[in-house]
Amino acid sequence: MEPFATVSAEALGAQQSATVANPVPGSNPDLLPDFLVEPEDVYIVKNKPVLLVCKAMPATQIFFKCNGEWVRQVDHVIERSTDGSSGLPAMEVRINVSRQQVEKVFGLEEYWCQCVAWSSSGTTKSQKAYIRIAYLRKNFEQEPLAKEVSLEQGIVLPCRPPEGIPPAEVEWLRNEDLVDPSLDPNVYITREHSLVVRQARLADTANYTCVAKNIVARRRSASAAVIVYVNGGWSTWTEWSVCSASCGRGWQKRSRSCTNPAPLNGGAFCEGQNVQKTACATLCPVDGSWSPWSKWSACGLDCTHWRSRECSDPAPRNGGEECRGTDLDTRNCTSDLCVHTASGPEDVALYVGLIAVAVCLLLLLLVLILVYCRKKEGLDSDVADSSILTSGFQPVSIKPSKADNPHLLTIQPDLSTTTTTYQGSLCPRQDGPSPKFQLTNGHLLSPLGGGRHTLHHSSPTSEAEDFVSRLSTQNYFRSLPRGSSNMAYGTFNFLGGRLMIPNTGISLLIPPDAIPRGKIYEIYLTLHKPEDVRLPLAGCQTLLSPIVSCGPPGVLLTRPVILAMDHCGEPSPESWSLHLKKQSCEGSWEDVLHLGEEAPSHLYYCQLEAGACYVFTEQLGRFALVGEALSVAAAKRLKLLLFAPVACTSLEYNIRVYCLHDTHDALKEVVQLEKQLGGQLIQEPRILHFKDSYHNLRLSIHDVPSSLWKSKLLVSYQEIPFYHIWNGTQQYLHCTFTLERVSPSTSDLACKVWVWQVEGDGQSFNINFNITKDTRFAELLALESEGGVPALVGPSAFKIPFLIRQKIITSLDPPCSRGADWRTLAQKLHLDSHLSFFASKPSPTAMILNLWEARHFPNGNLSQLAAAVAGLGQPDAGLFTVSEAEC
């Protein structure tokens, strides 16, 4: 449109005079123009011009005036008419206003237009009509955000629409359906356009979208996901179960479920335990047993006599069975020759003679039995097990010292010799009967005397099976594992030795002189599976170590042996109360040691370290370390392992996540199991601290590429109940995530696996590997050999040469005024917290060296020990100076 042109006041005045001088016929000169149609406010949408209309009566002329300037006459469209009823002249005028016209004054003031109408009586102005350019910006000033709210909680979703002219109207969509507050009294929309839900319902879980619209456009905000979750609630407890033991002490339990209500949409799981256990006792039925028979009565006139007994030894009680048989016994007392006369003197003499002969025969039999027992006891006095007749010692080999080096520590045992592959006679080769073998107190390097001995090779497996079969004949050993993979054994004398179960961290150190001189013991070391041994746990107690047996029980030891085993606790006096438990021969478990409250003279003592414990004991048996949580800060170390198949021949691919105690024996069991399943490690193991907070362990998988893989998990996470982990008696705890390949050619897998305890510690695994050829984590679980063979006998079992050990003991045991004795050695080795225990033993230095041997075999640094001994300031400390090369 052309720009506006102004009309001069003179031209309008002349035009008006002409109009008045020549009035329209029939017009009423006394009337001013009256507007029948006035211009109204309008909006310009995009580039479309708007039409303004003005109509007045009576009117001789009408012109538009916009923003104070007259619109050119040529831009007016004029239509004249005469009112039929009054005969007055009417005039209608229309003009178009374009976007360019309005934009010329945009920002200065609003663009407006009004009509001016003339009649013979004067002029009249219409109302102003404002012309605005309509628009709606794209971006919302505030968009709704996703929320997670609990059931019956209020929800407020704010929305500030984009700026626009005219202002945008706002409406809300729930899953693309219009939200109508008039139909749902639980929701309403505020003046600020926020959507308010008074009380959240499960049906309110949806995607919410704010929509803004005006005459120009319609805009949608980003959708906000609202999840209404339900926290779990416990159901009522069930009734207590029947006592597990029909006789004696047992346990009973009750349970509850997290179903009142069940957690939904990620709501919190119920806090606390779902199972409670309590001890119970049931009276055992006692079957009745007969008391001894009474004496025979005098022979009666009917040639019979009788005796009686009672069902009272013990009497039946608690439902026990009554005694079977009769309580009265009657017999003929004259061998069927019944004479009803008094016995003569000759009959009495006969009876007395018969009784005397019977007594003499009985005494003779007792004497023979005693003589036989004495002889048998003499034959077995020096052998603790009869199998010594077919079991032999390892030949001892010690390298001679160098001629140019006088230091005694250059004597080093030969660790290449072994003991478990030999079996044979210990007797010298002689043609005649050989005397019973006796150990002598002769030279260290000749513990078997000067005679020659024949050693025959045998199979270690058959030897182990034969040893276990011998032990299984005794009641106490019926629960020993039937196999040699978790067992070690050997035959030992006063020189001592060592037993180890490879790849478990379990060993038994038998120091020199722990076995009395002249005695030979066959000793075993066994690792038990927790499910094979019933270890009662009460309250907050949990198993922290493997269950280990060493024996046979009851053998005489003159020095404590040291049992080493791993544990998975995070030791802290404020969080844990730790107990060493030992099983008696009757099968009951007893607390034999409360760690931190040991008495120096006690039969048991324990050195507790970060991942292992070393138990000093003078009595062999079955042991376990048990912890009782004192607070929720008490934590166990769990080792997390991820395994997957080495070869995948189907579309499905399983990722197994194991949650184990952080001990070598648990790791060994899983590695052996996965070898059987054909699995491989796909990530480096991680450690997770699992606390006594009653919260479960959760596992989930994320970021699986949907174009290549599909997860078959139907829930957002999997859970392992708290109690299953905390009691420590369940093996192989794991969860499996099953993925499905979209195509058989898919081989690359990238995802994340999260493992975390609710409100506790967590770990994240970033998996990114090729399932067909990636084996870079396989070497992480290569089982290392622990010192070679399971049994070492004599000097080869110790890092410190025997003669040097004796020299150190002789030098440091006597108290020294300058402090250069065993106390200073304990301080240098960071063992000064055990001074009272060491001092209670005949040789404190021997105890320190024994503990050093248990902690540092086979990779201990002998030079560091030599440096610690040499730094004590003894006059002959130079004797202890040694290098690893010289050893």
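The values are calculated or read from the model by the stated rules, or taken from the named source; none is laboratory data. What you see is a predicted model; the values in this text were computed from it and never measured. All Cβ positions, even for glycine, are placed from backbone atoms using ideal geometry, and neighbour counts span all protein chains on display. Areas reflect the complete protein model, heavy atoms only, side chains present, ligands, DNA and RNA absent. Shrake-Rupley method; radii C 1.70, N 1.55, O 1.52, S 1.80 Å.
Structural remarks
- Restricting region 812-871 to residues that are hydroxyl-bearing (S, T, Y) and assigned to a helix (DSSP H, G or I), the residue that is farthest from H602 (Cα to Cα) is S863.
- If the condition is being among the hydrophobic types (A, V, I, L, M, F, W, C) and more than 29 Å from E141 (Cα to Cα), then region 219-234 contributes V230, W234.
- Of all the residues in region 242-258, those that are at pLDDT below 90, part of a loop (DSSP other than H, G, I, E, B), touching a Phe, Trp or Tyr at 6+ places or on another chain (Cβ under 9 Å) and of a type in the set (S, T, N, Q) number 1.
Per-residue answers, yes or no, for (1) modelled with pLDDT of 75 or more; (2) over 38 Å from the mean Cα position of the chain (by Cα); (3) open to solvent by less than 30 Å² (accessible area, probe 1.4 Å); (4) under 23 Å from L557 (Cβ atoms):
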site	(1), (2), (3), (4)
D832	yes, no, no, no
K841	yes, yes, yes, yes
A846	yes, yes, yes, yes
R855	yes, no, no, yes
N861	yes, no, no, no
A868	yes, yes, yes, no
L879	no, yes, no, no
V882	no, yes, yes, no
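- The residue that is most open to solvent (accessible area, probe 1.4 Å), counting only those in region 645-683 that are part of a loop (DSSP other than H, G, I, E, B) and at pLDDT 90 or above, is D662.
- Test: I804 is open to solvent by less than 40 Å² (accessible area, probe 1.4 Å) and either over 21 Å from Q683 (Cβ atoms) or in a strand (DSSP E or B) (or both): yes
- From the list W237, W251, the lone residue that is touching a residue at least 40 places away in the same chain (Cβ under 8 Å), farther than 24 Å from G154 by Cα and touching a Lys or Arg at 6+ places or on another chain (Cβ under 9 Å) is W251.
For (1) in contact with a Cys (Cβ under 9 Å, 6 or more places away or on another chain); (2) acidic (D, E); (3) over 14 Å from N214 (Cα atoms), each residue gets a yes or a no:
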{"site": "K138", "(1), (2), (3)": "no, no, no"}
{"site": "K147", "(1), (2), (3)": "no, no, yes"}
{"site": "Q153", "(1), (2), (3)": "no, no, yes"}
{"site": "P161", "(1), (2), (3)": "yes, no, no"}
{"site": "P167", "(1), (2), (3)": "no, no, no"}
{"site": "L178", "(1), (2), (3)": "no, no, yes"}
{"site": "P185", "(1), (2), (3)": "no, no, yes"}
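- The residue of region 701-729 that is nearest to the chain's Cα centre (by Cα), among those that are polar (S, T, N, Q) and surrounded by 13 or more Cβ atoms within 10 Å (Cβ to Cβ), is N727.
- Scan region 327-345 for residues that are modelled with pLDDT under 80 and surrounded by 10 or more Cβ atoms within 10 Å (Cβ to Cβ) and the total you get is 3.
- E586, sole failed condition from (1) of a type in the set (D, E); (2) farther than 23 Å from K636 by Cβ; (3) crowded, with 20+ Cβ neighbours inside 10 Å: (3)
- For region 167-179, a residue qualifies if it is farther than 14 Å from A224 by Cα, crowded, with 17+ Cβ neighbours inside 10 Å and without any contact (Cβ under 8 Å) to a residue 40 or more places away in the chain, and exactly one does: V179.
This table checks each residue for (1) more than 25 Å from W293 (Cβ to Cβ); (2) part of a loop (DSSP other than H, G, I, E, B); (3) modelled with pLDDT under 80; (4) aliphatic (A, V, I, L, M).
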site: E321; (1), (2), (3), (4): no, yes, no, no
site: G325; (1), (2), (3), (4): no, yes, no, no
site: D347; (1), (2), (3), (4): no, no, yes, no
site: L363; (1), (2), (3), (4): no, no, no, yes
site: L366; (1), (2), (3), (4): no, no, no, yes
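- Hits in region 684-726 - residues which are part of a strand (DSSP E or B), within 30 Å of C540 (Cα to Cα) and either touching a helix residue (DSSP H, G or I) at 6+ places or on another chain (Cβ under 7 Å) or not β-branched (V, I, T) (or both): R686, L688, H689, F690, K691, L697, R698, L699, S700, Q718, E719
- Scanning region 180-202 for residues that are open to solvent by 80 Å² or more (accessible area, probe 1.4 Å) and without any contact (Cβ under 8 Å) to a residue 40 or more places away in the chain yields a count of 6.
- A search for C-beta distances below 6 Å between a residue of region 757-773 that is closer than 15 Å to R741 by Cβ and any residue that is open to solvent by 20 Å² or more (accessible area, probe 1.4 Å) and in a loop (DSSP other than H, G, I, E, B), counting only pairs 6+ apart in sequence or on different chains, returns N770/S747; I771/C648; I771/S747; T772/S747.
- Filtered by the rule that a residue be in a strand (DSSP E or B), open to solvent by less than 90 Å² (accessible area, probe 1.4 Å), over 15 Å from K125 (Cβ atoms) and free of Cβ contacts under 8 Å to residues at least 60 places away in the same chain, region 27-83 gives V53, M57, V77, I78, S81.
- Residue check for T238: open to solvent by 60 Å² or more (accessible area, probe 1.4 Å) and modelled with pLDDT of 90 or more: yes
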